[in-house]
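Participant: My structure is below; once you've seen it, I'll send some questions.
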Amino acid sequence: MNTKDKGFETKLIHAGAFDDPMGSATVPIYQTSTFAFKNAQHGADLFAGKGEGYIYTRIGNPTIDALEKNIAELENGFGGIATSSGMGAVSAVYFALLGQGKHIVCTASVYGPSRGLLEQDFVRFGVEYTFVHTSDYAAVEAAIKANTSVLYLETPSNPTMEISDITALSELAHKHGIIVVVDNTFSSPYLQKPLDLGADVVLHSVTKFINGHADIVGGVIVTKTAELYKKIRHAMVYMGSNMDPHQAFMVIRGVKTLSLRIERAQENAIKIADYLKNHPKIEWITYPGLTSHPQHELAKKQMSGFGSMLSFGVKGGYKGGVTLMNNVHLAILAVSLGGVETLIQHPASMTHAGVSHDEKQKAGITDELVRFSVGIENVEDIIADLEQALAKI
Ligand code: LCS
């Protein structure tokens, strides 16, 4: 079905799906590594980029293709590239767009490994980086150098929920010929569409909201142009960070309910944020939906909802946070986010453990920060769970 002119919820269910020769109502799993050519000419044509068909699953596969088309349509992009994990997406983008002597400006509080890959690995190949609070336009402007080739934004960022102005920063970057990449994992295309706001590349850990059920890892990249698509696809295929057909099948199943899950989790998150903001055991809370969030107005402008991620500091600092995490029963003490189940974790010792203490402080990832990914359970149950655990502090 052509879903190009259909609504977002219709795209979630039908975009990318193809007419299966057996009449399957859902996209089947093409669990194969390789594809038979009709004859020698057909094989040669496919390698030359002509004709219909598939060659080899690392290069392309109908199930993976269906997912790539689905997410590309949700993000209003040219094409999608599915990867083995979110980090597979991040590394393919870095690999395609950076190189010796190039410089990247990056949100300081990005997901730990997205930062570590630059600090520990790409640096060995002569890539330079500057981490800044990208919510601060002047700081980004000051960080741009003659050799800057990529502006990498994670907004809202993990775990500080810092929000960067995609439109203003894309305009700034484009004046300098810089490619803008946005990690849209925390919002999903349901709440934010970076390509419509001016970015050139958007990527996801689909492990999170897009799949939504905490049962696979995966990533997807969507580009605005054919040129960027070709470049990044080449990097992904040659690196071999492709998705697997079974993974793609799971994500296709998960994405269908994205809008329903996000609406419900967000409704819960708003109630939880309201409950926590006045709680005597809470020092501070960061949720884009609260007027106290420093970029609340920007969030209202560039996102269609505030999502279901929040971070907060409890009384008693690190020790208070540990007491909370050890005493919740409904919320699962685990990393990851964006699933139907509520998760709680401590970024300083878990997801951002690889970032130095100094850099964590600079990025706002303080020792007492607890991250909460609100699920779709009964909200009264989530609040009751927090209430009894906070009482132990
Ligand atoms: N980008 C963001 C914003 C993330 O939160 C993550 C993972 C990734 C990229 C990487 O994706 P992955 O390879 O894990 O699919 N974030 C995690 C987190 O906060 N807890 O555990 C993983």
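Participant: Please go through the range 308-327 and give me each residue that is part of a loop (DSSP other than H, G, I, E, B) and either surrounded by fewer than 22 Cβ atoms within 10 Å (Cβ to Cβ) or out of contact with any helix residue (DSSP H, G or I) (no Cβ under 6 Å at 6 or more places or on another chain) (or both), ordered by number.
Facilitator: Correct list: LYS315, GLY316.
Participant: Given LEU195, LEU172, which one is crowded, with 20+ Cβ neighbours inside 10 Å and either touching a Phe, Trp or Tyr at 6+ places or on another chain (Cβ under 8 Å) or part of a helix (DSSP H, G or I) (or both)?
Facilitator: Numbers: LEU172 fails: crowded, with 20+ Cβ neighbours inside 10 Å.
Just one listed residue meets the conditions, LEU195.
Participant: So TRP284 ticks every box in (1) touching a residue at least 40 places away in the same chain (Cβ under 8 Å); (2) open to solvent by 20 Å² or more (accessible area, probe 1.4 Å); (3) in a strand (DSSP E or B) but one. Which box is left unticked?
Facilitator: Looking at each condition in turn, TRP284 falls short on (1).
Participant: So, of the residues in the range 337-371 that are within 12 Å of the ligand (Cβ to nearest atom) and not in a loop (DSSP other than H, G, I, E, B), which turns out to be surrounded by the most Cβ atoms within 10 Å (Cβ to Cβ)?
Facilitator: Among those that are within 12 Å of the ligand (Cβ to nearest atom) and not in a loop (DSSP other than H, G, I, E, B), it is ARG371.
Participant: Taking the range 209-226 as the region of interest, how many residues are within 11 Å of the ligand (Cβ to nearest atom) and over 15 Å from MET243 (Cα atoms)?
Facilitator: The qualifying residues number 2.
Participant: Here's something else I'd like to know. Quick one: which residue in ASP381, ASP385 is over 26 Å from PRO113 (Cβ atoms), over 22 Å from the mean Cα position of the chain (by Cα), of a type outside the set (A, V, I, L, M) and open to solvent by less than 50 Å² (accessible area, probe 1.4 Å)?
Facilitator: Step by step, each of ASP381, ASP385 is checked, and only ASP385 is over 26 Å from PRO113 (Cβ atoms), over 22 Å from the mean Cα position of the chain (by Cα), of a type outside the set (A, V, I, L, M) and open to solvent by less than 50 Å² (accessible area, probe 1.4 Å).
Participant: With ALA25, ALA36 as the choices, which residue is assigned by TED's automatic domain parsing to the domain that holds VAL251, farther than 23 Å from ASN242 by Cα, without any contact (Cβ under 8 Å) to a residue 40 or more places away in the chain and part of a loop (DSSP other than H, G, I, E, B)?
Facilitator: Sole residue among the options that is assigned by TED's automatic domain parsing to the domain that holds VAL251, farther than 23 Å from ASN242 by Cα, without any contact (Cβ under 8 Å) to a residue 40 or more places away in the chain and part of a loop (DSSP other than H, G, I, E, B): ALA25.
Participant: Would it be correct to say that SER135 is small (Gly, Ala, Ser), closer than 21 Å to LEU310 by Cα and outside the structural domain of SER336 (by TED's automatic domain parsing)?
Facilitator: Yes.
Participant: Go through the range 72-89 and give me each residue that's under 21 Å from TYR190 (Cβ atoms), among the hydrophobic types (A, V, I, L, M, F, W, C) and within 16 Å of the ligand (Cβ to nearest atom).
Facilitator: ILE81, ALA82, ALA89
Participant: Show the residue pairs that are 6+ apart or on different chains and have beta-carbon atoms under 6 Å apart, the first residue being within the range 103-125 and more than 15 Å from the ligand (Cβ to nearest atom), the second being at pLDDT below 95.
Facilitator: Note: no pairs meet the criteria.
Participant: In the range 50-103, which residue that is open to solvent by 10 Å² or more (accessible area, probe 1.4 Å) and touching an Asp or Glu at 6+ places or on another chain (Cβ under 6 Å) is farthest from THR223 (Cα to Cα)?
Facilitator: GLY51
Participant: Let me ask something else about it. Return a yes/no flag: does the range 107-121 have any residue that is hydrophobic (A, V, I, L, M, F, W, C), part of a helix (DSSP H, G or I) and open to solvent by 10 Å² or more (accessible area, probe 1.4 Å). Steps first, answer last, please.
Facilitator: If we filter the range 107-121 for residues that are hydrophobic (A, V, I, L, M, F, W, C), which is where we start, we get 108, 110, 117-118.
Next, only the ones that are part of a helix (DSSP H, G or I) stay: 117-118.
Right, trim to open to solvent by 10 Å² or more (accessible area, probe 1.4 Å) and you get 117.
Yes, the range 107-121 contains a residue that is hydrophobic (A, V, I, L, M, F, W, C), part of a helix (DSSP H, G or I) and open to solvent by 10 Å² or more (accessible area, probe 1.4 Å).
Participant: Follow-up. Looking at this structure, is LEU290 open to solvent by 50 Å² or more (accessible area, probe 1.4 Å) and either of a type in the set (S, T, N, Q) or free of Cβ contacts under 8 Å to residues at least 24 places away in the same chain (or both)?
Facilitator: Values: open to solvent by 50 Å² or more (accessible area, probe 1.4 Å): no; either of a type in the set (S, T, N, Q) or free of Cβ contacts under 8 Å to residues at least 24 places away in the same chain (or both): yes.
No: the conditions fail for LEU290.
Participant: Take ILE64 and tell me if it is under 27 Å from the mean Cα position of the chain (by Cα) and more than 18 Å from HIS234 (Cα to Cα). Give the steps one after another, and end with the answer.
Facilitator: Working: under 27 Å from the mean Cα position of the chain (by Cα): yes; more than 18 Å from HIS234 (Cα to Cα): no.
Answer is no for this residue.
So that you can scan it fast, the table gives a plain yes or no per residue for (1) part of a loop (DSSP other than H, G, I, E, B); (2) open to solvent by 80 Å² or more (accessible area, probe 1.4 Å); (3) free of Cβ contacts under 8 Å to residues at least 24 places away in the same chain:
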| position | (1), (2), (3) |
| --- | --- |
| LYS230 | no, yes, yes |
| TYR238 | no, yes, yes |
| GLN247 | no, no, no |
| ALA269 | no, no, no |
| ALA273 | no, no, no |
| LEU276 | no, no, no |
| PRO280 | yes, yes, no |
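The values are calculated or read from the model by the stated rules, or taken from the named source; none is laboratory data. Please read these numbers as outputs of a predicted model, since none were measured by experiment. Counting neighbours? That spans all protein chains shown, and the Cβs are built from the backbone with ideal geometry, glycine included. Surface areas here come from the heavy atoms of the whole protein model, side chains and all, with no ligands, DNA or RNA. Shrake-Rupley method; radii C 1.70, N 1.55, O 1.52, S 1.80 Å.
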